[in-house]
């Protein structure tokens, strides 16, 4: 049919272009599918995270000759009890610190104005004015305030959408997670049924190795984030930094983003420390640096180890690209997704080489 490979590939490219063009014109047809996928995305994402985090506990309970379904129910009771206890113990303190922060905002605004006034009276500020930097900063601030004002009206719709998503997630995650715990161990065998018998064992090894890589990362990173948050919280208490628990929690959450996360989480703490006193801001920076050194040189190597085998430059590039494409969520998912993809590709390449060697024999 095709006289040369050039004709074949030209036809293939044209077909792809035509299909993409038709899909763009039929976007209304795919919109319900996109809504369905986006609605289930976060429940499934959270369920997968909890599955890899807690599945070892289910397996441990099951080893005591307890039926798997009963083991899952026992884990649910223990997990809900622990989480409920933590919320009941820490929740009121966090709410109280948030209320204190809101009440002290006028004082912080007054302190910020005083700092700005002191800066405007300094010699180097005159040099900045001569460079027209001040006009650019003012224009940027005015533009940001205008956009913020315009977005206030749409903020209510966003808030309602977030509340709806959280409600759907809270209701659906326990059911999805239950069936993942119950039948998740059967998934590798079920997938390999669709693979030729000669490659089933290698395919099974790929799936298991991928699951182990993802599980090790999630379990290790969760423990590291908890440890970093606790150490930071203790350090903030020692220097009497306001809202120590709230700021430590922020750092613990953002620490899940490698390299860039600690800087993102430390920014609010440094600002609060600076508004208190320059000395406290320096002490805050010192505590964050010390905790990150403990994390980078002790916690992460011991807990996560070299399982991911990723160069720091690769991680930074991944974070920049993923952050630009999908924001904070992209930065959180970039490293584990890359680790899983790398594991799959390496094993598929190994399988391909085994297949070629078998053909030569």
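At pLDDT 90 or above, within 21 Å of the chain's Cα centre (by Cα) and either surrounded by fewer than 18 Cβ atoms within 10 Å (Cβ to Cβ) or more than 28 Å from residue 102 (Cα to Cα) (or both): is that true of residue 230 in this structure? Criteria met by residue 230.
At least 3 residues being closer than 30 Å to residue 105 by Cβ is the threshold, and among the helices (runs of 4 or more DSSP H) wholly inside segment 198-317 those reaching it are 200-238, 244-254, 261-276, 278-294.
Within segment 233-243, the set of residues being under 16 Å from residue 96 (Cβ atoms) and in contact (Cβ under 8 Å) with a residue 24 or more places away in the chain comprises 236, 241, 242, 243.
One line per residue, one yes/no per condition, for (1) farther than 25 Å from residue 207 by Cα; (2) in the same structural domain as residue 258 (by TED's automatic domain parsing); (3) at pLDDT 70 or above:
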| residue | (1), (2), (3) |
| --- | --- |
| 293 | yes, yes, yes |
| 297 | yes, yes, yes |
| 309 | no, yes, no |
| 315 | no, yes, yes |
| 320 | yes, yes, yes |
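Take residue 172 and decide whether it is within 20 Å of residue 345 (Cβ to Cβ), surrounded by 16 or more Cβ atoms within 10 Å (Cβ to Cβ) and under 22 Å from the mean Cα position of the chain (by Cα). When the stated conditions are applied, residue 172 does not pass them.
Residues that are under 23 Å from the mean Cα position of the chain (by Cα) and modelled with pLDDT of 85 or more: does segment 59-79 have at least one? Among the residues of segment 59-79, at least one is under 23 Å from the mean Cα position of the chain (by Cα) and modelled with pLDDT of 85 or more, which makes the answer yes.
Regarding residue 176, is this residue in contact with a helix residue (DSSP H, G or I) (Cβ under 6 Å, 6 or more places away or on another chain), closer than 30 Å to residue 104 by Cα and touching a residue at least 24 places away in the same chain (Cβ under 8 Å)? Show your work before the answer.
Numbers: in contact with a helix residue (DSSP H, G or I) (Cβ under 6 Å, 6 or more places away or on another chain): yes; closer than 30 Å to residue 104 by Cα: no; touching a residue at least 24 places away in the same chain (Cβ under 8 Å): yes.
Answer is no for this residue.
The values are calculated or read from the model by the stated rules, or taken from the named source; none is laboratory data. No experiment lies behind these values; they were computed from the predicted model shown. With ideal geometry, Cβ positions are generated from the backbone for all residues, glycine too; neighbour counts draw on all protein chains shown.
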